[in-house]
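Undergrad: Before I ask anything, here is the structure I am working with.
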Amino acid sequence: MSDLTNTGVFVVEGLSRDKTIPVHRNAVTAFLGPAPRGPVNHPVQVTGYDQYRRMFGAPGCHSRLEHLIRQFFANGGESVWIVRVVGSSRRNFIEIPCTDDALVLRAANPGPLEHIRASVDYDGITALEPGCFNLVLQRVRSVTEPLVEEQETYNRISIDQGDPRYIGHVLAQSRLVMLPTKIPTTAPLPTIRGDAVKVVSYIDCQVDWPAEAAPDDYDLVGSASATTGLFALNSLPDLDVLCILSGKEDRDIGPVAQLAADRYCTTRQAMLVVDPPVAWKSVMDAVEGQGQLRLTSLNIMTYFPLLRTRSDAGETIIVSAMGAVAGALVASREKRNLVARDYRNAVTIRGRYRPSVDLTNEQSALLARFGVNSLMPASRLQMKFCGDVTMARTGGLTGEWKALTHRREGLFVVGSIRKSTTWAGRESSTPELWSEISEQVRDFLSKLRSEGRLAGEFDEQAFYIKCDADTNARAVGQTGDVTLLAGIAFEQANKFSAFKFHRAGDSCEIIELGVQSDSFQRN
């Protein structure tokens, strides 16, 4: 029995009581890890590889995340959320000379590759506007490649605190620079190029450190109170697939970060995708590694082997397949029935890659028994994703949940019920409320069954719902306290994966009761 307790605080707007629960929505995928530049600890939606490059990429900088995002979109992904995590908060800065001091502006985003520049002029400023000036801020691709990617223009801003255009107020809205900690008493000097033409020019940022520190596991986990790391994802109403990169290329995700990410995904009804450990060079390495691993989870998915490809210099390199796997799995959910029997061996991965280790069918089957999916060649430009397993290797009540296919659909169903019954947390627990919740959930599950996404020819074979005086005996008349039991047949009619939903106000505790037979719902 696994306890799926929702202890996180999420900004989620649930449905109203008279709305039906949607049976379709686009899968939400997020990548969390280091990137050369861009916003930190803030989810940014990206809908294409070029958009990622503009926001997070840097010329001449090798980035694992960039490589994975390219894989994701090449394999059918349409939208992804990026959370950049860093190991240092140090920032580039611009120093604009004033008569007696300097105006120092620091980049809004940390990292040595966050290139910003500024210009100051007095075009249109009259003698009746002392202390006013015009400021242009630009974010450029690099100092040597000054392609402007973002620009902010501030006309007639002032160093006078009584002016409505006071710089301290205006720059508080900037996405490129931080509000200066000290504002000079005189306006900055114009940034004029030192030649006879007197052309307004730019002052480039200064880098105040030699290299950027790599984030560690604690940076990846972050803080719930500060909404950093994993908890930056709290602002997303839905989350289906989470991919985490380690701080360094030759480093695995540590046990602390993996355990925290697993718990976070459990509360969000999401699947965590992780790379195989660097030490896995063979099938036996994977089998022995999994045998020694203490963490087993229904919400984690991994694979073997890594991929082999060529660098721009023509050298053979080993790379992650996490982006390709996530893209292919998300695309398969959008385009086909999740419980189609050909899913397990039909998901293909595109790209000029080859598995770094060639597997036989027997080895693939062995890996699946240990909770590891396989990548195997399908053609010159395609590979098969085989196994359809999570990292749950235990039997018993959770045995039915080993299949990745059914686990992903189950997470979608459970998450939809949790989110869409939020309205009940503000109502008094009465028979009328119990009936209303039951009808809302029953309508949702019936539609899933009619689409073939649940097993069973009739509703009673596909699911059951119990929300009555028995499940709510101690909560009668209490506000926002209601309990619902639901059994859902994902693979076989009359064989139900059972869940207990206990809503107390805006929070909802979900307890997985395991697999139960038809006889349970009759009692």
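Undergrad: Kindly identify the chain as rounded, prolate or oblate by the Cα gyration tensor criterion: order the square roots of the eigenvalues as a ≥ b ≥ c, call it rounded if a/c is under 1.5, otherwise compare a/b with b/c, prolate if a/b is larger, else oblate.
TA: Values: a/c = 2.77, a/b = 1.56, b/c = 1.77.
Judged from the Cα gyration tensor, the chain comes out oblate (a/c at least 1.5, b/c at or above a/b).
Undergrad: Report, in listed order, any pair from K248/K281; K384/K500; K419/K466; K384/K447; K281/K495 with a Cα-Cα distance greater than 28 Å. Provide the component values of the computation, followed by the final result.
TA: Working: K248/K281 19 Å; K384/K500 37 Å; K419/K466 18 Å; K384/K447 31 Å; K281/K495 40 Å.
K384/K500; K384/K447; K281/K495, as the Cα separations exceed 28 Å there.
Undergrad: Could you tell me the relative contact order of the chain? Use alpha-carbon pairs under 8 Å, at least six residues apart, and round to a whole percent.
TA: 16 percent
Undergrad: While we're on this one: If each of K248 and E150 carries a label point 7 Å out from its Cα toward its Cβ, how far apart are those two points in nm?
TA: My value for the distance between the label points is 3.0 nm.
Undergrad: Between D443 and V476, take the C-beta separation as r, use R0 = 25 Å, and let me know the FRET efficiency to the nearest 0.05.
TA: On the way: r = 25 Å, r/R0 = 0.99.
Taking R0 as 25 Å, the efficiency between D443 and V476 is 0.50.
Undergrad: Another question, if that's okay. Using the Cβ atoms and a cut-off under 14 Å, what net charge is assigned to the surroundings of G314, where Lys and Arg are +1 and Asp and Glu are -1? Don't skip to the answer; put the middle values down first.
TA: On the way: positive: R308, R310, R352; negative: D312, E315.
That sum, taken over residues with Cβ under 14 Å, equals +1.
Undergrad: Same structure again: Which of the GluC sites (Glu not before Pro) found in the stretch 408-468 are loop residues per DSSP with 13 or fewer other Cβ atoms within 10 Å of their Cβ? Mind showing how you got there, number by number?
TA: Numbers: sites: E409, E427, E432, E436, E439, E451, E457, E460; in loops: E427, E451, E457.
Loop-located and lightly packed - E451, E457.
Undergrad: Further question: Rounded, prolate or oblate: pick one for the stretch 396-522, where a ≥ b ≥ c are the square roots of the eigenvalues of its C-alpha gyration tensor, a/c under 1.5 means rounded, and failing that, prolate if a/b is larger than b/c, else oblate.
TA: Values: a/c = 1.79, a/b = 1.73, b/c = 1.04.
Prolate is the answer for the stretch 396-522, as a/c is 1.5 or above and a/b outweighs b/c.
Undergrad: Hey, if you put +1 on the Cβ of every Lys and Arg and -1 on every Asp and Glu Cβ in the chain, which of S89, T267, T99 ends up farthest toward the positive end of that dipole?
TA: T267
Undergrad: Now for a separate question. Once the piece of chain linking V44 and R426 is laid out straight, how much longer is it, given 0.36 nm per residue of separation minus the C-alpha distance between them? All intermediate terms of the calculation are to be shown ahead of the outcome.
TA: Numbers: separation 382, 0.36 × 382 = 137.52 nm, distance 3.20 nm.
Additional length available on full extension: 134.3 nm.
Undergrad: Among the helices of the chain (complete DSSP H runs), which have Cα atoms covering no less than 18 Å along the helix axis and a Kyte-Doolittle mean of at least 0.0? Provide the component values of the computation, followed by the final result.
TA: Working: long enough: 255-268 (19 Å, -0.31); 322-335 (20 Å, 0.56); 404-420 (24 Å, -0.23); 431-450 (28 Å, -0.66).
Length and hydropathy pass: 322-335.
Undergrad: With a point put 7 Å past each Cα toward its Cβ, work out how far H67 is from A226 in nm, to one decimal.
TA: Those two pseudo-labels are separated by 3.0 nm.
Undergrad: Mind giving me the nanometre distance, one decimal, between the label points for S450 and E509, set 7 Å out from Cα along Cα→Cβ?
TA: Between S450 and E509, the label points sit 3.6 nm apart.
Undergrad: Which Cα, out of G124, L189, V170, lies furthest along the positive dipole direction of the stretch 93-204 (beta carbon charges, K/R +1, D/E -1)?
TA: Result: V170.
Undergrad: If R0 is 22 Å, what FRET efficiency do you get for H169 and I125 from their C-beta distance, rounded to 0.05?
TA: On the way: r = 19 Å, r/R0 = 0.84.
FRET efficiency, H169 to I125: 0.75.
Undergrad: May I ask for the longest run of the chain untouched by chymotrypsin sites (Phe, Trp or Tyr not before Pro) that are loop-located per DSSP and have at most 16 neighbouring C-beta atoms (other than their own) within 10 Å? Numbers along the way, then the final one.
TA: On the way: sites that count: Y122, F458.
Maximal segment without exposed cleavage sites: 123-457.
Undergrad: If you don't mind, there's one more thing I want to ask. Using a simple charge model, +1 on the beta-carbon of Lys and Arg, -1 on the beta-carbon of Asp and Glu, nothing else, what dipole does the stretch 93-204 show about its Cα centre, in debye to the nearest 20? Walk me through the intermediate numbers first.
TA: Numbers: 10 positive and 15 negative charges, 31 e Å.
About 140 debye.
Undergrad: Please work out the FRET efficiency for the pair R310 and E288, using the Cβ-Cβ distance as r and a Förster radius of 22 Å; give the result to the nearest 0.05.
TA: Details: r = 30 Å, r/R0 = 1.38.
For R0 = 22 Å, the calculated efficiency reads 0.15.
Where a number appears in this text, it was derived from the coordinates with a stated rule and is not lab data. These numbers were taken from a predicted model, which means no experiment stands behind them. Note that each Cβ is placed from the backbone with ideal geometry, even for glycine, and that neighbours are counted across all protein chains shown.
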